[in-house]
Amino acid sequence: MLKDKVRALLEAALQEDLSLFLIDFSVTLDNKIKVIIDGDQGVTVQDCMKISRAIEHNLDREEEDFSLEVASAGAAAPMVMPRQYKKNIGRKLEVNSLGDTFEGNLTDVTENGIILEWKAREPKPIGKGKVTVRKKKEIGFADINEAKVILKF
């Protein structure tokens, strides 16, 4: 019952700011509520507070004791929804797909997948030495096992 009530409150709060979306939501047997959100322009502390308050202020601790955690997906967390890829266009990704791993710049997101581009050194077709070539790979969402943004410091 608590899970259904929290889900309804969460959906109402997310409807108030359509740039935010749900990544993960769980309620354990001991009433630990965990909400992971992301946003088209990222997630601020204020966004997390807004969602937290929308849930917490509408639940009665006298009825049921609970703990609540609302957090952003995190920069190093794998992407799980197509909507997350769009905000990362232009960034370098590491994508594990069908047993292969690709590193490249995310150049586009289509309805069915993503397009990565990168430079690689390959042997010259004729003669000795290597030449730099541009590679491009379209990967369907269904074929992505895991995709992460590569952070540079």
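The values are calculated or read from the model by the stated rules, or taken from the named source; none is laboratory data. The structure presented is a predicted model; accordingly, all values stated were derived computationally and were not measured. Positions of Cβ are generated from backbone atoms using ideal geometry, with glycine treated the same way; all protein chains shown enter the neighbour counts. Heads up: the accessible areas ignore ligands, DNA and RNA and are worked out on the full protein's heavy atoms, side chains in. Shrake-Rupley method; radii C 1.70, N 1.55, O 1.52, S 1.80 Å.
Just a few scattered comments:
- Taken together, Gly104, Gly39, Gly113, Gly74 contain a single residue that is exposed (fewer than 13 other Cβ atoms within 10 Å of the Cβ) and within 18 Å of Lys148 (Cα to Cα), which is Gly74.
- The residues of the range 35-92 that are touching a residue at least 60 places away in the same chain (Cβ under 8 Å), touching a strand residue (DSSP E or B) at 6+ places or on another chain (Cβ under 8 Å) and in a loop (DSSP other than H, G, I, E, B), listed by number, are Phe66, Ala75, Ala76, Ala77, Pro78, Met79, Met81, Asn88.
- Residues in the range 8-22 that are of a type outside the set (Ser, Thr, Tyr), open to solvent by less than 90 Å² (accessible area, probe 1.4 Å) and without any contact (Cβ under 8 Å) to a residue 60 or more places away in the chain: Ala8, Leu9, Leu10, Ala12, Ala13, Leu14, Asp17, Leu20, Leu22.
- With respect to (1) in contact with a strand residue (DSSP E or B) (Cβ under 7 Å, 6 or more places away or on another chain); (2) more than 22 Å from Ala142 (Cα to Cα); (3) of a type in the set (Val, Ile, Thr); (4) surrounded by fewer than 13 Cβ atoms within 10 Å (Cβ to Cβ), the lone exception for Val27 is condition (4).
- Within the range 116-134, tally of residues that are closer than 28 Å to Pro82 by Cα and open to solvent by less than 70 Å² (accessible area, probe 1.4 Å): 4
- Only one entry in Lys34, Lys86, Lys5 is open to solvent by 80 Å² or more (accessible area, probe 1.4 Å) and modelled with pLDDT of 95 or more, namely Lys34.
- Scope the range 57-71; condition open to solvent by less than 70 Å² (accessible area, probe 1.4 Å) and at pLDDT 90 or above; matching residues: Phe66, Ser67, Leu68, Val70, Ala71
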